[in-house]
Amino acid sequence: MAKTKSSIQEKSINTIRLLAADGVQAANSGHPGMPMGVAPIAYLLYTKIMKHNPVNPKWLNRDRFILSGGHGSMLLYSILHLSGYNLPLKELKSFRQWKSKTPGHPEYGLTPGVETTTGPLGQGLTNAIGMAVAQKHLGSIFNKKGFNLFDHYIYVEAGDGDLMEGISHEASSYAGHNKLGKVILFYDDNGITIDGPTSLSYSDDVKKRFEAYNWHVQIVKDGTDLKDLEKAVKAAQSTKDKPSIIITKTNIGQGSPNKQGTSEVHGSPLGEAE
């Protein structure tokens, strides 16, 4: 891990990774790779960036986090548990089990802290843009000088599968045109699909595409560098008239001794040996 300030940061991030891997292993089903790769982003958002209250998860002006890649749900469950939401460890141990609060894909209304149901790729990003429309509308009605009742951000994690879906691009074009500056999207650029490298099915220039949509575009070359990630978020927040995308180079399955960076860690348990 690059440039973390203290061992507690590294331990916290590795705990997210291990909870995700263990949950999938116990269920013998799931997607451990993405949660392990983007754990530093989740850690940064929930500990340093987002306004949120685990005791009152429905607080109106909370920042929202949308896991558009809903298959990586153990990332969300792990960070919600560690952040103090009403999601005890026994629920994480019951991942993908009947009547648990930790289904294979996040479900709105079931798990505290889950902002929308995700799973169909592209849907989460589109929902997030809809939330930004609502924020802008409510802010125009209720915000007063010196008192902003609605000024929250909507943070999104999305991968290559999300950006392959047409619905995500229709919504992204809309967001750029309407200057929805409260949307901050982390694009998980790990270069891997469930079948192999993304080059098998995807060759878009994401940077140029989102620039054409009138988005503020940044690239973070090391998805474990918390300083660079935080710097990118601050730059995105200071760009008021454009939504932002932070193209983040990550390593799928980060921490797996033999499977990180491969499609083997995408959609199946790591295995006891790992």
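Descriptive notes on the structure:
- Spin-label pair GLU230-ILE167: with each label point 7 Å from Cα along the Cα-Cβ axis, the two points sit 3.6 nm from one another.
- Quarter of Cα convex hull surface for the chain, i.e. mean projection, nm²: 13.8 nm²
- The residues neighbouring GLY37, those whose beta-carbon lies less than 14 Å from its own, together hold a net charge of -4 under the Lys/Arg +1, Asp/Glu -1 convention.
- Backbone amide hydrogens, once placed in the peptide plane, bring ASP151 within less than 5 Å of nothing, excluding anything fewer than 5 places away on its chain.
- Expressed to the nearest 5 percent, the antiparallel share of DSSP beta bridges inside the stretch 7-265 is 15 percent.
- Extension gain from THR262 to TYR202, taking 0.36 nm per residue of separation minus the Cα-Cα distance: 19.9 nm
- Largest first and in whole Å, the equivalent-ellipsoid semi-axes of the stretch 72-200 read 28, 23, 11, each the square root of five times a Cα gyration tensor eigenvalue.
- Cα point-scatterer Debye curve for the stretch 198-274, base-10 log of I(q)/I(0) at q = 0.25 Å⁻¹: -1.11
- With a cut-off of 18 Å on the backbone N, the residues of the stretch 39-73 near the modelled label site 7 Å out from LEU18 along Cα-Cβ are 39-40, 43.
- Scattering profile of the stretch 144-274 at q = 0.12, 0.18 Å⁻¹ [log10 I(q)/I(0), Debye over alpha-carbon scatterers]: -0.53, -1.02
- Taken as entire DSSP H runs, the helices of the chain that both span 27 Å or more between Cα atoms along their own long axis and average -0.5 or more on the Kyte-Doolittle scale are 7-27, 123-142.
Any read-out appearing in this document is the output of simple, stated calculations on the displayed coordinates, not a laboratory observation. Quick caveat: nothing in here was measured; it's all calculated off a predicted structure. All Cβ positions, even for glycine, are placed from backbone atoms using ideal geometry, and neighbour counts span all protein chains on display.
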